[in-house]
1. Taking the simple approach of a point 7 Å from Cα along Cα-to-Cβ for both residue A:223 and residue B:64, what is their distance in nm?
2. Loop-only chymotrypsin sites (Phe, Trp or Tyr not before Pro) in region B:1-105, please: DSSP not H, G, I, E or B, and at most 13 other Cβ atoms within 10 Å.
3. Roughly how tilted is helix A:161-177, in degrees to the nearest 10 and between 0 and 90, from the longest Cα axis of chain A?
4. Can you tell me the orientation of helix A:230-247 relative to chain A, as the angle in degrees between its alpha-carbon axis and the longest Cα principal axis, to the nearest 10?
5. If one takes the longest principal axis of the Cα atoms in chain B, at what angle in degrees, from 0 to 90 and to the nearest 10, does the Cα axis of helix B:121-147 lie?
6. Can you give me the distance in nm between label points at residue B:217 and residue B:12, each placed 7 Å from the Cα along the Cα-to-Cβ direction?
7. Counting only other chains, and only Cβ atoms inside 10 Å, what mean value do you get across the residues of A:18-26?
8. Can you give me the long-range amide H partners of residue A:59? Hydrogens built in the peptide plane at 1.01 Å from N, cutoff under 5 Å, separation of 5 or more residues or another chain.
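Where a number appears in this text, it was derived from the coordinates with a stated rule and is not lab data. Here the structure is a predicted model, which means the values were calculated and not measured. Note that each Cβ is placed from the backbone with ideal geometry, even for glycine, and that neighbours are counted across all protein chains shown.
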Amino acid sequence: MANSPAVVFKDVTLRYGQTTVLDRLNLSVETGEVFGILGCVGAGKTRLLRLMAGLEQPESGTIDFSPEIRGQPVSYIFQQDLLVPWLTVGENLRLCKRVKRENAGQISDWLICKQLGLDLIEGKMPYQLSGGMRKKVNFARGFINEDRLILMDEPFGALDPAQKRDIQQGFLLLTQKVEMTAVLVTHDIREALLVCDRIAFLSAKTKRLNEGVVNPFRGRFDVNELFGEPQYREIFQAALDFYDDERRLP
Amino acid sequence: MNSRARFFIGFLSVVLFILVWDFASRIGWIDADLFPPITRIFQRALELIFDAEFIARDLFGSMRRLFYAGVLVLPVALFLGIWAGAKPWVNATLSPFVNFTLPFPKVAIFPLMLAIFGIGDLGKIVLIGIGLFYPLFINVLHGTLRLSSGDFVDLTNIYQVRGWALWYHVYWRGLTGDILVGLKASLGYGFTLVIVSELSASNNGLGNFIWRSWDAFQILDMYAAVFWLCFLGWIVQSALDRALVYHFRLSPPRT
């Protein structure tokens, strides 16, 4: 994990009419890390990602990026697969491919062909695919440009366990091969503990992120053994307590 | 119901209709002067299709007007529909005119067209063109608005889909269904306006042929001309229907 921050939110406030979505939120994502954001439905996780992507602007506060990321395009894996229905899988991927860097594309080719097996369905239309395959295409699209910053909005949702593991393994391998910083939004504590270096909780009550916990269990699929480890159970329990607390009325 | 059964029922209903009409006309249940036996109408229609004057002067006359109006207007409607859908300021500029002029029956301005352009072909072509414009423009406009808002905008912004890729792969290919539906509506209305514009101030065309037949009380000719008009309309609509089915098989509407 590198040291300088890739993304810094300083006192960022986002409102929709009278509703405050984020309130003087502070956040720092280190370069090269996978940063997980957990939170209840409606806590503003997606809005936070959209702010990072520049799809929305904050009412106040500043969002700053490291020099490698500032002004550069970012990749975004949308919660809905957002495949263009009248384009084939291959065309969907090519439509979003904008890499011009030297040697760029090798990693994405590897991801698409070997890890996700999308080369076999390149000519298929989105409606001919299962939900899981659509998710895989959506996921691959997020990586074909090999951008420095990848924003992922529940990319592993709505998949069966085997498909989920395929994509998660692909993602973990990618983070080793490609220099990138990733921000993952999810509801799933186990998933966050599997792929993230650090996890923070976005509270729907305070509209802020709490301080993130460093996760030493990244990349470990051995669920039974993990639950035997006190620190894993501690982080897991803290996450459950957070969700319980969020459900209680203020 | 499978497609074979559907075809059979449709075929049977047409045969039954023909038989009942023909029989009723021949035995005098209906006035044979106004409703001649349908087999005689088909016979006359066949005679007409081998009549060089009818083909060159009337059938092609009507089709020529529709063709010129289409060539002149449909690309404009298409371009303006996409442009207005993609650029809010264009939509804001055009909307008052479109919304104000859309509801009135276009036939109402035919005398005005004659006054402005004279009794030649130009006035008729302009009138047909005005009728062709609206359905295609509105379909394409709303299709483009659908593509220019919401999820796809985020996708194209994030992945910086611009230029040819945006206009061809997102807008053009995404609008194929809307364009075909718009064309179907436009041409359907176009046929109506072709005939109406030829009923007066014209010396050729199917509308004029029907009018001449009425003047001479040639009921059979009137029916035969209507038959060919229906047949042409059916060919065009069927072709567009097939294109639509093919398109939506390739890309069914989003659910």
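1. Rounded to a tenth, the inter-label distance reads 7.7 nm.
2. Here the chymotrypsin sites (Phe, Trp or Tyr not before Pro) that fit, given the DSSP loop and packing criteria, are B:29, B:50.
3. 90 degrees
4. Relative to chain A, helix A:230-247 is tipped by roughly 70 degrees.
5. 40 degrees
6. Using points 7 Å along Cα→Cβ, the separation is 4.1 nm.
7. Taking the mean over all residues of the peptide, I get 0.
8. The list, which skips near neighbours in sequence, is A:13, A:14, A:15.
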